[in-house]
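Read through the structure below, which is laid out as structure tokens, and then see the notes.
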Amino acid sequence: MKLQLIGLIFGALWTGQSLAQQLTLKADAPAQYQVKTGDTLWDIAGLYLAKPWLWPELWQANPAVKNPDLIYPGDILVLRFDPNGKPVLQKSESERPLTLVVQQNSTDTDAVIKLRPRIRKQQSAAALGLLPSSVIQSFLTGHQLKAEAELQKAAYVLGATMAIKNAVSGHVLYVHGELSAKVQYGVYRQIGPVTDPQTGNELGTELTPLARLKILPAVEGQSSEVHRAELTDSRQEVRQGDWVLPLRQATALPARFTQVADQAATGQILSSASGLREFASWEVVLINLGAAHGLQSGQILPVYRRSPQVLGERPPRYSEDSDAWGRLAGALYNRVEMPFETVGQVLVLEPQAYASFVMVVDAQQPLRLGDRIGGQDAVEKHSQTAGGSGAERP
């Protein structure tokens, strides 16, 4: 069964200093690994690296193998080291498991045991994905950000077969707008406008998912602008006026990941899909950086946070531990500004013009709303200039 390593990027370009600091094998990294059905690229990378996004630098195609970016269940990935001591992972054709074959000699009662390479049986299968399917599905049906002009052209819920004010799974609704039976749709409700805290500009309207829709066949007397649809997988009750939008497609997800050593623009985390102020790995969050700032799908960006402020008195203490007078005095003359430290990494999923949905793929501590995104130099520069971003904004 053929699995494709989606998005393996051979010869990824990073500086030697960056690699020396970051390409570190896990202590329990296996010398060999047999690929299994259902594996993901992230799963395998996580077996070898504490920072799975550096997988392209570890993985090396075997030049003797045709289509070296393809692997199969049963293939063996072998960990080796180059002359400089750098770890590399390769697919080995010669070190695949051997199958015991027992043959009965026709002239002798003794069994002859021979070893021979197992023959691979190829079957059609879904390609090896970048992320776990559960994580992908959560994003495909998750929050969306739409420009107001785009939203006003979208379809919306007119009503139901009965005067239902709050519809749930199983209810049949009427939807006004242009819909296609070939497209999967979801029902969304406006949370409100999203404003860039660094510029004050509106980035769009954020919408939360309520349910999925199944388009039903037309019936006699049905207008071309009104569609019948059944609610499925409802998370919240659906009401008249809620928006109907196409769900994201898996093909729109990044097929690779690359690390950005330094992002000139500086942004911050604006909101989270869960609505919480703190979150861990696999949470989808919205940031105020987008394609206009050079972001591309699949990039890994660092997340920074300034360490807690200290008042430089004797003995030193954190600002939060001082009384009101101490905090005022500290703000005036004896405050010690602490540096920014890396607290996590995010994967860019859906960059828009000036904002992007990203997924937390590494959280050394719970990430928070307001945490900074971008290169450390840009983050520090931003912190020293009121409203500065390190990059031109709308």
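The values are calculated or read from the model by the stated rules, or taken from the named source; none is laboratory data. Keep in mind the model is a prediction, meaning the values are calculated, not measured. Positions of Cβ are backbone-derived with ideal geometry, glycine not excepted, and every protein chain shown enters the neighbour counts. With ligands, DNA and RNA removed, areas are computed over all heavy atoms of the protein, side chains included. Shrake-Rupley method; radii C 1.70, N 1.55, O 1.52, S 1.80 Å.
Summing +1 for each Lys or Arg and -1 for each Asp or Glu, what net charge is found among the other residues whose Cβ lies under 11 Å from the Cβ of Arg212?
Numbers: positive: Lys214, Arg235; negative: Glu230, Asp233.
With Lys, Arg at +1 and Asp, Glu at -1, the neighbours total 0.
Around the amide H of Arg335, modelled in the peptide plane, lie the amide H atoms of Gly312, all under 5 Å away and 5 or more residues distant in sequence or on another chain. Phi-derived couplings, Karplus 6.51 cos²θ - 1.76 cosθ + 1.60 at θ = phi - 60°, listed residue by residue for the range 26-32: 5, 4, 9, 4, x, 5, 9 Hz, with x used for Gly and Pro.
How long is the gain from Ser224 to Asn201 if the chain were fully straight, where each residue apart is worth 0.36 nm and the alpha carbon distance is subtracted?
Values: separation 23, 0.36 × 23 = 8.28 nm, distance 3.79 nm.
The Ser224-Asn201 span can extend by a further 4.5 nm.
Distant-in-sequence amide contacts of Leu203, defined by a placed amide H-H separation under 5 Å and a gap of 5 or more residues or a different chain, comprise Val194, Thr195, Asp196. Rolling a 1.4 Å probe across all protein chains gives Thr251 an accessible area of roughly 130 Å².
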